[in-house]
Amino acid sequence: MTISTAPAPNAVPLTARRESIADKTFTGISVFSASLILLILAAVAAFLLTEAWPAITDSSGELAAKVEWLNPENGETLISTIGYLVFGTILVSTLALLIATPLSIGIALFISHFAPRRLAAGLGYLIDLLAAIPSVVYGLWGSIVLLPVLKPFYAWLGTYFGWFPLFAPDPVTGEVSATGRVALSAAIVLAIMIIPIITAISREVFLQTPKLHEEAALAMGATRWEMIRMAVLPFGRSGVVGATMLGLGRALGETMAVYMIISGGLTYSLGVIQSGKHNTIAAYIATQFPEANSSGVSALIAMGLALFIITLVVNMLARWIVSRRSEFSGAN
């Protein structure tokens, strides 16, 4: 009598069952993690909206009487104050982005395509180290070391380029800031802070450029710059855009560095070398929060809600731009 050892027709191998359990576990953890992010984002939005609602819906003018930093006699309301702060936040962050983006792309290209391997590795470590420095250290460095260096430069800008609105001196005194605590100083410090973010992402994107594209351009007689312009930059365009938007998001929400450098003011002035003209939402909240009463806290949370919306829009725009060029064909 013989005993058959062949598996049953419908039997599932043990390894397949183990793989199925592992796949289901991994899928469940991934779904839970993604859902948790959405829940946290929704919870933050709900908290901001709930706490800011009394200030947003106040139409009787009682809020201005309860909040010491609102001056109704000067025509200031919560909405007008938020408008000034949104303008200052966007102005300072945009200036920081304009300064940081070309430098970051140049550093990333040098590390990925020009520098020797050992030098590129060392520069990469230094760039990553810059990203780990706390913002308060940047603020201290900017206020103690950078401002004295920038004051003569601002005087030179006001003298020779005062006709340009950004570099115009104060219309009352006819001079630029004597302290250097202006929006441009804050923008320069923010630019230094976001350079590591943009550089690190751009470097990795440039390194992913297909070697066949680069070699084909060089084989057709292109110089190294022409090869970068025709092959590397088009391939990494979406990644660079995403990196700049991440840097912009960091600049929009920065608090301590701006708080320690800028001389705050509430205007729509374009003069970035005039003191007492601009402020950002995050720095203004840090200034007013310690002594704010319940009504003041509600008003400050309303400002935080405005910053939350701006940051959300910026990141959604970045995702949309990156998704449009998620697949590179090499033909454009």
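The values are calculated or read from the model by the stated rules, or taken from the named source; none is laboratory data. All figures in this text were calculated on a predicted structure; none of them were measured in a lab. Glycine also receives a Cβ, built like all others from the backbone with ideal geometry; neighbour counts cover every protein chain displayed.
Within this structure, residue 59 fails the test of being modelled with pLDDT under 90, assigned to a helix (DSSP H, G or I) and not aliphatic (A, V, I, L, M). Counting only helices (runs of 4 or more DSSP H) that sit completely within segment 249-332, those holding 2 or more residues that are at pLDDT below 85 and farther than 22 Å from residue 183 by Cβ correspond to 294-324. Checking each residue in segment 269-285 for being over 17 Å from residue 310 (Cβ atoms) and not charged (D, E, K, R) picks out 269, 270, 271, 272, 273, 274, 275, 276. When we screen 149, 172, 136 for residues that are part of a helix (DSSP H, G or I) and surrounded by fewer than 12 Cβ atoms within 10 Å (Cβ to Cβ), the only hit is 149. A count restricted to segment 95-127 and to residues that are under 27 Å from residue 186 (Cα atoms) and either surrounded by fewer than 13 Cβ atoms within 10 Å (Cβ to Cβ) or free of Cβ contacts under 8 Å to residues at least 12 places away in the same chain (or both) stands at 5. Take the conditions (1) more than 26 Å from residue 273 (Cβ to Cβ); (2) at pLDDT 85 or above; (3) over 26 Å from the mean Cα position of the chain (by Cα); residue 148 misses just one of them, which is (1). For residue 183, are the conditions met, namely being surrounded by 13 or more Cβ atoms within 10 Å (Cβ to Cβ) and either in contact with a Gly (Cβ under 8 Å, 6 or more places away or on another chain) or touching a residue at least 40 places away in the same chain (Cβ under 8 Å) (or both)? Answer is yes for this residue.
Do we have residue 192 as among the hydrophobic types (A, V, I, L, M, F, W, C), closer than 30 Å to residue 268 by Cβ and either in contact with a strand residue (DSSP E or B) (Cβ under 7 Å, 6 or more places away or on another chain) or touching a residue at least 60 places away in the same chain (Cβ under 8 Å) (or both) here? Yes, satisfied.
The condition of being without any contact (Cβ under 8 Å) to a residue 60 or more places away in the chain and either crowded, with 18+ Cβ neighbours inside 10 Å or of a type in the set (Gly, Ala, Ser) (or both) holds for only one of 263, 295, 269, 275, that being 269.
The combined condition, being over 16 Å from residue 252 (Cα atoms), surrounded by 20 or more Cβ atoms within 10 Å (Cβ to Cβ), out of contact with any helix residue (DSSP H, G or I) (no Cβ under 7 Å at 6 or more places or on another chain) and at pLDDT below 90, is not fulfilled by residue 159. In segment 199-224, the residues that are more than 28 Å from residue 129 (Cβ to Cβ) reach residues that are of a type outside the set (Ser, Thr, Tyr) and not in a helix (DSSP H, G or I) with C-beta atoms within less than 7 angstrom, at least six apart or across chains, in these pairs: 213/330.
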